[in-house]
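Any read-out appearing in this document is the output of simple, stated calculations on the displayed coordinates, not a laboratory observation. No experiment lies behind these values; they were computed from the predicted model shown. Note that we place each Cβ from the backbone using ideal geometry, even for glycine, and neighbour counts take in every protein chain shown.
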């Protein structure tokens with residue numbers, strides 16, 4: 001049984017408020033797990049059933065009539081979520097990565113919808129049905145308030161970010177709500193534009209040493225307009241996919257992290273660098 005999950009709004013900075021809780025934002029695959037008629041089903045946030053990809057989760061010890069919301073992760077040697085590893089596991093059954101399902105909410109309990117209950121009451125239900133955490137099934141820890149200090153801590157540990165949630169928030173099905181907020185631990189840097197993709201907007205990027213850095217797809221319309229005014233004077237060649245540029249335009253970007261191949265993950269435009 002699938003239910004469209006509640007989504008988060010994004011803010012730039014954390015805050016301290018005792019009527020909110022703070023959780024670690026896990027870098028994995030958002031999915032819902034339901035158990036009805038003795039069958040455990042796993043769904044992505046876009047309503048794709050992915051149960052066959054993670055057979056070890058189909059025997060989870062959860063009561064019938066339950067729907068859980070959480071993040072599927074793979075941890076690296078330092079115990080941190082590894083997004084590339086979980087995607088390898090998602091794409092190939094030959095992958096040997098061990099997975100963990102980290103639960104942060106419950107939508108149905110004993111066959112009844114509990115989305116209208118306050119968040120902390122739903123957390124209490126989670127504690128009852130998952131009394132002990134295991135490697136395979138674990139609850140996401142949370143603290144009251146202290147969003148600023150918590151965010152400082154995850155930055156020190158180079159984790160993805162934090163989530164702030166109103167303690168009394170209801171679970172708003174299929175809505176992006178300001179009752180749940182995410183703060184991303186972005187990295188910042190400067191790169192050069194070395195080309196433009198033809199079929200869909202994307203800028204080829206180079207690091208300052210000339211090494212390829214990835215493709216930037218997130219650029220506000222005003223900045224795109226400025227770019228389109230000047231790029232033609234920088235064209236050095238093209239093929240069926242890309243127009244190549246003399247890499248003289250330098251920009252400021254933010255990004256999640258570097259991939260194992262040394263590329264920028266989800267870079268986005270911040271400003272022009274002078």
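Here is how the numbers come out for the structure above:
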{"read-out": "The chain: angle of helix 221-230 to the longest principal axis, Cα-based, in degrees nearest 10", "value": "20"}
{"read-out": "GNM top mover of 208, 23, 148 - the chain, alpha-carbon springs below 10 Å", "value": "208"}
{"read-out": "Choice from 174, 77, 59 showing the highest fluctuation, given a GNM over the chain with Cα pairs closer than 10 Å", "value": "77"}
{"read-out": "Neighbour-count ranking [beta-carbon atoms within 10 angstrom, fewest first] of 260, 252", "value": "260, 252"}
{"read-out": "Gain in span if fully extended, residue 12 to residue 80, counting 0.36 nm per residue against the direct Cα distance", "value": "22.2 nm"}
{"read-out": "Calculated FRET value between residue 259 and residue 175, using beta carbons and R₀ = 35 Å, to 0.05", "value": "0.65"}
{"read-out": "Nearest 10 degrees, 0 to 90: helix 119-129 Cα axis against the chain principal axis", "value": "60"}
{"read-out": "Pair residue 58, residue 138: separation of 7 Å Cα→Cβ label points (nm)", "value": "2.6"}
{"read-out": "Gain upon complete extension [residue 149, residue 46; 0.36 nm per residue less C-alpha separation]", "value": "33.8 nm"}
{"read-out": "Label of the coordinate-derived value, semi-axes √(5λ) of the Cα gyration tensor in Å, listed as [x] 33, 21, 16; [y] 39, 22, 17; [z] 28, 24, 17", "value": "[y]"}
{"read-out": "Degrees separating the helix 147-156 axis from the principal Cα axis of the chain, which is the longest one", "value": "60"}
{"read-out": "The chain: calculated mean residue ellipticity at 222 nm from DSSP helix runs of at least 4, using -39500 (n - 2.57)", "value": "-4500 deg cm²/dmol"}
{"read-out": "Distance-filtered residues of the stretch 164-184 - backbone nitrogen under 15 Å, label point 7 angstrom along residue 266 Cα→Cβ", "value": "164, 181-184"}
{"read-out": "Cβ-based exposure ranking for 46, 97, in which fewest neighbours within 10 Å come first", "value": "46, 97"}
